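Since the structure comes first, as structure tokens, the remarks are kept for the end.
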């Protein structure tokens with residue numbers, strides 16, 4: 001509708017106001033993050049703590065990575081579908097996805113500490129296990145490292161392509177950028193799907209190298225999508241409390257984010273349930289062992305909390321229109337889902353280290369704050385540097401005027 | 001055809017400017033024009049082609065009736081089933097038809113929730129197809145049981161024998177899943193038909209027509225109150241149908257995947273089956289729509305843009321199917337399980353390799369051509385590709401069902417399965433049933449949801465008159481989201497310098 005009337009935003013709506021707490025976010029987050037990483041490193045040097053340190057770090061890494069990957073997926077899909085409603089929230093996702101190169105850097109300790117994490121990386125384990133030996137062409141240290149590098153290079157390249165063109169459009173307003181990204185979005189989805197799948201196989205599934213599930217890549221992906229919608233709603237609403245973007249991201253956009261959050265929570269459940277159901281029903285020991293581990297000791301309770309917290313509670317809570325349209329009710333939901341999403345990853349990883357039951361410890365917290373601090377610092381820095389919305393996107397007017405009906 | 005779109009209109013419709021939404025309809029898209037175009041095939045004397053099509057379909061339906069009668073008389077021994085292959089074409093056909101039935105509800109429910117307004121031109125058509133496909137699908141497990149006269153035992157009802165169906169069997173879940181899907185789809189379709197049936201009633205020239213359409217229109221008068229209830233019911237039904245789109249084929253996939261058979265027991269089956277179902281359903285919509293729009297003069301309502309969008313859906317779902325094939329293969333190797341590995345090598349290089357490669361070609365390679373705009377817009381190629389896709393999807397179910405069974409764990413019981421004459425009759429006959437229903441549908445019911453299409457034309461836009469005083473129809477960008485209201489309604493302070 002730009003030919004009819006193009007609403008534009010005033011400069012102070014496009015930038016973080018000088019007084020906003022958000023301006024100090026990068027420094028604060030970086031300080032917390034670095035401090036936490038140092039503490040994590042120090043604590044992890046203690047006798048017998050190395051494994052715990054690595055496992056905690058892996059959970060934290062996969063958690064923040066899932067938000068960044070979810071953001072990349074969100075941005076690609078907006079272009080692939082030529083979406084209009086989402087333009088005003090897209091920049092927030094763009095800032096989240098541009099953390100991918102940083103996360104790639106932060107991933108190095110995982111490759112370095114592979115022997116603490118992955119049973120298959122020990123040559124003697126391979127020797128005494130014919131099944132593992134048969135997987136050696138895939139599960140070996142050089143190939144694993146090369147793949148990790150390939151995933152991060154791919155994600156960085158994709159994120160950078162989309163990010164650069166989008167911020168450049170702020171300056172030149174060229175509609176060609178949008179067209180270009182629309183064309184790129186199709187192949188980008190293919191690359192995204194393949195890399196995320198194999199990353200999930202490598203970093204999560206191969207923790208238990210005997211176990212396998214064709215669905216596993218989709219499971220991690222479903223978590224990423226839940227995470228990004230929760231993240232966008234949360235960041236948007238927090239910004240709104242600071243009177244930033246308050247009349248730009250309107251109740252209509254929150255309603256849509258809430259709907260998508262609801263929808264993908266159900267999608268996650270669908271994938272999680274299907275995987276569980278088929279393995280439980282087939283009852284083959286080589287497959288059920290994975291779930292059996294997660295039902296022993298306190299893991300059984302964690303599983304129950306996950307089922308209730310990641311599905312039952314948000315399902316009924318987010319079903320009504322009112323909860324999605326009010327910040328006071330949507331914000332807790334977003335926060336809650338980001339929390340249970342962490343629990344989900346914790347539940348995927350930790351039973352390998354602590355088969356006897358969940359053992360939360362300080363290292364979990366330091367790793368979470370360490371990686372998270374770096375993530376938030378970069379996110380906050382980008383937020384300061386660029387316009388808060390893609391200010392000259394050809395579909396901005398449509399997004400600003402968007403209403404549910 | 002009087003509504004033949006002009007060249008400029010066509011390019012407007014196919015252009016993809018980023019700053020405005022292209023018009024969805026072409027030609028005469030006044031309310032009256034739409035009503036006339038859609039009602040004509042219901043009110044005219046059909047062309048000879050329709051009679052020929054209907055006649056052939058009826059003949060094929062006859063094949064179905066006769067072969068089924070013979071089946072009841074003789075038993076399932078007349079089919080090609082053998083000892084390791086206890087599920088043959090009948091199950092393949094069942095899964096095939098359920099899959100076809102997925103496009104309708106996807107279009108009417110999921111695309112509705114995603115505000116894909118182009119769906120209004122094709123949803124009625126696809127929903128009708130869904131219902132006929134579900135009818136064909138339900139036929140096969142029913143006749144496969146052998147003693148069809150006791151098929152009602154599949155339903156859990158209190159009985160003096162105290163016998164219940166096995167609730168732990170996915171075959172019973174199928175009974176529930178498919179029949180619920182069929183009922184909800186029928187209800188959704190019928191509810192959407194009400195305003196259009198009322199239109200036909202009001203236009204009826206003969207008393208008989210008025211009475212019949214009047215009965216089915218359930219007293220629809222188009223009052224505001226009616227519309228308000230209608231819209232609310234539509235939203236609720238869409239919300240109910242959305243999980244059904246996923247659940248039906250997931251449950252069908254459970255028929256296979258809960259077993260312990262390599263090639264069947266794999267966790268990706270539910271989403272993979274759903275994607276495949278949508279893929280084949282859209283292919284069938286494309287096949288039939290390319291013909292119907294030409295025969296019935298609906299080219300200005302179902303435009304090439306609609307086909308392009310359907311091609312994109314097929315590209316997406318076809319690629320998901322390809323992804324699933326790849327994951328199955330990779331995990332079969334990664335599992336290290338020799339039986340898993342064998343089954344997949346046997347699929348690709350064993351006695352049924354020909355079927356496997358037909359499947360891969362049609363389902364994975366053919367949709368990849370839709371990356372190219374020219375091929376997405378070529379109706380001829382779309383028509384051919386859509387038929388190829390459905391051939392491929394039929395073979396997919398054949399490959400899954402038969403190749404996993406024919407060489408089981410015990411090599412001494414291995415056998416080669418081939419269909420008999422009666423298997424072929426059942427498949428061909430089911431197409432007879434489908435096309436018979438389909439030809440009756442295009443003859444007696446409006447193929448396009450008139451009321452819904454009218455809601456997306458420029459004239460239905462609240463601000464239409466103020467925005468386009470000079471151009472009453474087809475203002476570019478006008479049929480965009482209704483949310484695209486002019487700036488005056490914004491909460492945002494809008495100082496309006498033009499950009500870009």
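The values are calculated or read from the model by the stated rules, or taken from the named source; none is laboratory data. A quick note: this is a predicted structure, and the numbers were derived from the prediction, not measured. Don't worry about glycine lacking a Cβ; one is built from the backbone with ideal geometry, like all the others, and counts go over all protein chains shown.
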**Request:** Please indicate, with yes or no, whether at least one residue in segment A:285-299 is within 30 Å of residue A:402 (Cβ to Cβ) and surrounded by 14 or more Cβ atoms within 10 Å (Cβ to Cβ).
**Result:** no
**Message:** Looking for something at pLDDT below 90 and more than 30 Å from residue B:457 (Cα to Cα) - is there at least one such residue anywhere in segment B:122-145?
**Reply:** yes
**Item:** Residue list for segment B:255-279, restricted to those being part of a helix (DSSP H, G or I), more than 9 Å from chain A (Cβ to nearest Cβ) and under 22 Å from residue B:171 (Cβ atoms)
**Value:** B:255, B:256, B:273, B:274, B:276, B:277
**Item:** Where residue B:251 falls short, out of the listed (1) touching a residue at least 12 places away in the same chain (Cβ under 8 Å); (2) more than 30 Å from residue B:89 (Cβ to Cβ)
**Value:** (2)
**Message:** From the list A:76, A:110, exactly one residue is within 24 Å of residue A:149 (Cα to Cα), touching a helix residue (DSSP H, G or I) at 6+ places or on another chain (Cβ under 8 Å) and within 14 Å of another protein chain (Cβ to nearest Cβ). Which is it?
**Reply:** A:76
**Request:** Considering only residues that are within 11 Å of another protein chain (Cβ to nearest Cβ) and either within 17 Å of the chain's Cα centre (by Cα) or free of Cβ contacts under 8 Å to residues at least 24 places away in the same chain (or both), look in segment A:213-256 and name the one that is surrounded by the most Cβ atoms within 10 Å (Cβ to Cβ).
**Result:** A:218
**Residues (touching a residue at least 60 places away in the same chain (Cβ under 8 Å) and outside any loop (DSSP other than H, G, I, E, B)) located in segment A:279-309** = A:279, A:286, A:287, A:289, A:290, A:293, A:298
**Prompt:** Here are B:314, B:310, B:327: which of them is facing chain A (nearest Cβ under 9 Å), surrounded by 23 or more Cβ atoms within 10 Å (Cβ to Cβ) and assigned to a helix (DSSP H, G or I)?
**Reply:** B:327
**Message:** Looking at A:80, A:60, A:157, A:71, can you tell me which residue is under 30 Å from residue A:392 (Cα atoms) and under 14 Å from the mean Cα position of the chain (by Cα)?
**Reply:** A:71
**Sole exception among (1) assigned to a loop (DSSP other than H, G, I, E, B); (2) at pLDDT below 90 for residue B:81, by number** = (2)
**Message:** Quick test for you: out of A:146, A:136, A:159, pick the one residue that is part of a helix (DSSP H, G or I) and free of Cβ contacts under 8 Å to residues at least 40 places away in the same chain.
**Reply:** A:146
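Per-residue answers, yes or no, for (1) over 25 Å from the mean Cα position of the chain (by Cα); (2) touching a residue at least 40 places away in the same chain (Cβ under 8 Å); (3) away from chain A (no Cβ under 14 Å):
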| residue | (1), (2), (3) |
| --- | --- |
| B:57 | no, yes, yes |
| B:71 | yes, yes, yes |
| B:76 | yes, yes, yes |
| B:95 | no, yes, yes |
| B:98 | no, yes, yes |
| B:102 | no, yes, yes |
| B:105 | no, yes, yes |
| B:111 | no, no, no |
| B:115 | no, yes, no |
**Request:** Would you mind finding the one in A:47, A:53, A:68, A:20 that is without any contact (Cβ under 8 Å) to a residue 12 or more places away in the chain and either more than 14 Å from chain B (Cβ to nearest Cβ) or within 30 Å of residue B:21 (Cβ to Cβ) (or both)?
**Result:** A:47
**Message:** I need every pair where a residue in segment A:184-203 that is within 12 Å of chain B (Cβ to nearest Cβ) and without any contact (Cβ under 8 Å) to a residue 24 or more places away in the chain has its Cβ under 9 Å from the Cβ of a residue that is surrounded by fewer than 20 Cβ atoms within 10 Å (Cβ to Cβ) and outside any helix (DSSP H, G or I), sequence separation at least 6 or different chains.
**Reply:** A:201/A:138
**Prompt:** Is it true that residue B:302 is modelled with pLDDT under 95 and over 24 Å from the mean Cα position of the chain (by Cα)?
**Reply:** no
**Fill in**
Of (1) at pLDDT below 95; (2) surrounded by fewer than 21 Cβ atoms within 10 Å (Cβ to Cβ); (3) within 12 Å of chain B (Cβ to nearest Cβ), residue A:167 fails just (3)
**Fill in**
Considering residues that are more than 17 Å from residue A:99 (Cβ to Cβ) and assigned to a helix (DSSP H, G or I), the number found within segment A:346-375 is 12
**Prompt:** So which of B:263, B:297, B:276 ends up being under 22 Å from residue B:450 (Cα atoms) and touching a residue at least 60 places away in the same chain (Cβ under 8 Å)?
**Reply:** B:297
**Request:** Sort out which residues of segment B:60-78 are loosely packed, with under 12 Cβ neighbours inside 10 Å and part of a helix (DSSP H, G or I), and write them in order of number.
**Result:** B:69, B:73, B:74, B:77
**From the options A:388, A:396, residue that is within 14 Å of chain B (Cβ to nearest Cβ), under 30 Å from residue A:35 (Cβ atoms) and touching a helix residue (DSSP H, G or I) at 6+ places or on another chain (Cβ under 6 Å)** = A:388
**Asked** Hey, residue B:142 hits all of (1) in contact (Cβ under 8 Å) with a residue 40 or more places away in the chain; (2) touching a helix residue (DSSP H, G or I) at 6+ places or on another chain (Cβ under 8 Å); (3) over 21 Å from residue B:282 (Cα atoms) but one; which does it fall short on?
**Response** (1)
**Prompt:** Which residues, counting only those in segment B:88-115, are part of a loop (DSSP other than H, G, I, E, B) and crowded, with 19+ Cβ neighbours inside 10 Å?
**Reply:** B:88, B:101
**Request:** Report the residue count in segment B:239-254 for those that are surrounded by fewer than 22 Cβ atoms within 10 Å (Cβ to Cβ) and more than 12 Å from every other protein chain (Cβ to nearest Cβ).
**Result:** 2
**Message:** Can you tell me how many residues within segment B:333-371 are assigned to a helix (DSSP H, G or I) and farther than 16 Å from residue B:409 by Cα?
**Reply:** 24
**Asked** Does segment A:315-338 contain at least one residue that is touching a residue at least 60 places away in the same chain (Cβ under 8 Å), loosely packed, with under 15 Cβ neighbours inside 10 Å and more than 22 Å from residue A:238 (Cβ to Cβ)?
**Response** yes
